[in-house]
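These notes are about the structure you will find just below.
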Amino acid sequence: MMWNGLSIRRLTLSCVVVAVSGMACHRGPDNDDKPAASTKTPAPARTAAGDPIVRIASEAQQRIGLETRAATAQAIEPEIVAFGRLEEDPSRTFVLRAPVAGSLHFATGRDWPNIGQSLADATVIGTIEPRLATADRIGLTNQLATAQSELSASTASVGAARAAYERTQLLNADNKNVSDRALEDAAARLAAEESRLKAATDTVRLLRQSLDSAGPTGNTPLTIERGGDVVEIMARPGEAVEPGTPILRVAKLDRLFARVDVPVGEHVPLTVPTARIVAVGYEDTPVLADRVGVAATPDPAAHGQSFVFRLRDTQLGLRPGLAVTARIAVPGPRRQGIVIPSTAVVRLAGKSYVYVQTTANEFVRKEVTLDQPTEGGFLSTRTLSAGDRVVTQGAQLLLSEELKSQIAGETDKG
């Protein structure tokens, strides 16, 4: 058979078409043809009541230090919570004041006291250089000149009186040439002149000391008679002070008062004997305090009752000005509820929640009411039951995990 050019071209085109068709039929699925894997994070699960559920594996629980505790039922006395601050005992406070007008200076080899420093009784904290005005100095100088003149006259009078007394004494001893009465008069004049001499001598000495103390070498020591912790410094070296100016205030902090204000609408009997005082930073160690009385000057910003309590024990670190909470027991029926440790409570959007463990790896966030503070926690009268396992360590981490899941779910939806 003879093939012309047209036939050959048709045969070639047919082979190409068949080959391409075969490749298309036998080609496997491309990656582009595969359906994309879903990256959506499932929304957090919820209970039938709508409470969020957080799932976390046992290994992760151990890694973050998750701890739970069975909730316990308890009946407690009704209490009213008041707020205030610690104050020092006024009877244990001492203020050092300037004895004279002058300038303050450092004591030799000693720094000026600092806030919080403990000072012993009779400690010299510095010196004061007395300051005399020109008129005062002139007046003292004139008084000294007059006193010295009186001293000279008194010295001469004493010499004359002593000579007269001795002469009279000799005559009286010689056959009573002078009567005993004359001898007694001479002795009285001598005693009077000696008294005037002593007074003139003391006056001269005091005036000289006053003038000498006004110079650079006459610095007077500043001694704090009653020691304690320095709580306030009102003047420092280099400053000029007037007589009576406060320089330093110290207090013995082994006895503290708590002044607290009862919230408006609450009433505490005036005869309440004690209260439990909880200072900020010492929540786990409340201190029992005895009532001193009603505060003499109530806080105008509080508009409620104000009480003063004396702490029975002063822990290391408690200082005046520290904020405190006072739990005051008041008459009334005991309240029944579940005690929730303070470490179990998390707050979100102005509400309080706890996480309750329902299975080994599931935790449900439940809203609770904190009806009354208790020692180390709160009393709740709703939501929880005795025996519920409440997360006491790691609750905040569970809340973070829950919120991250919610954010991831909302992002996937967007």
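What follows draws every value from the coordinates through simple rules; no lab data is involved. Since this is a predicted model, take the numbers as computed values, not measurements. Positions of Cβ are backbone-derived with ideal geometry, glycine not excepted, and every protein chain shown enters the neighbour counts.
What relative contact order, as a whole-number percentage, does the range 165-309 give when Cα pairs under 8 Å and 6 or more residues apart are counted?
Working: 135 pairs, mean separation 22.3, N = 145.
Relative contact order comes out at 15 percent.
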Worksheet item: Label Gln143 and Phe94 with points 7 Å out from Cα along Cα→Cβ: what is the distance between them in nm?
Response: 3.0
Item to complete: Averaging sequence separations of C-alpha pairs under 8 Å and six or more residues apart, then dividing by the length of the range 222-299, give the relative contact order as a whole percent.
Response: 22
Practice prompt. With only Lys, Arg, Asp and Glu charged, each at its Cβ (+1 for the first two, -1 for the last two), find how big the charge dipole of the range 73-160 is about the Cα centre; round to the nearest 20 debye.
Written response: 500
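Need one number for the range 260-414: average projected area of the convex hull over its C-alpha atoms, nm².
Working: hull surface 53.1 nm².
With every direction weighted equally, the projected area is 13.3 nm².
How long are the semi-axes of the equivalent ellipsoid of the range 73-174, taking √(5λ) for every eigenvalue λ of the Cα gyration tensor, in whole Å from largest down? Write down the numbers at each step before the final one.
Details: eigenvalues 847, 125, 45 Å².
Over the Cα atoms of the range 73-174, the semi-axes work out to 65, 25, 15 Å.
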Worksheet item: How many angstrom separate the Cα center of the range 339-414 from the Cα center of the range 172-251?
Response: 77
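Can you pull out the GluC sites (Glu not before Pro) in the range 328-383 whose DSSP state is coil and whose Cβ has at most 15 other Cβ atoms within 10 Å?
Numbers: sites: Glu362, Glu367, Glu375; in loops: Glu375.
Here the GluC sites (Glu not before Pro) that fit, given the DSSP loop and packing criteria, are Glu375.
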Worksheet item: Can you list the equivalent-ellipsoid semi-axes of the range 134-212, largest first and in whole Å, using the square root of 5 times each Cα gyration tensor eigenvalue?
Response: 38, 8, 7
Response to the item:
Once Ala199 and Leu170 are pulled to full extension, the length gained, defined as 0.36 nm per residue separation minus their Cα-Cα distance, is 7.5 nm
Fill in: Over the range 134-212, relative contact order from alpha-carbon pairs under 8 Å, at least 6 apart, %
49
Worksheet item: At q = 0.22, 0.30 Å⁻¹, what base-10 log of I(q)/I(0) does the Debye formula yield for the range 268-324 when every alpha carbon is treated as an equal point scatterer in vacuo?
Response: -0.97, -1.27
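Can you tell me the mean projection area, over all orientations, of the convex hull of the range 169-325's alpha carbons? Units nm², please. Walk me through the numbers on the way to the answer.
Numbers: hull surface 83.1 nm².
The Cα convex hull of the range 169-325, projected and averaged over all directions, gives 20.8 nm².
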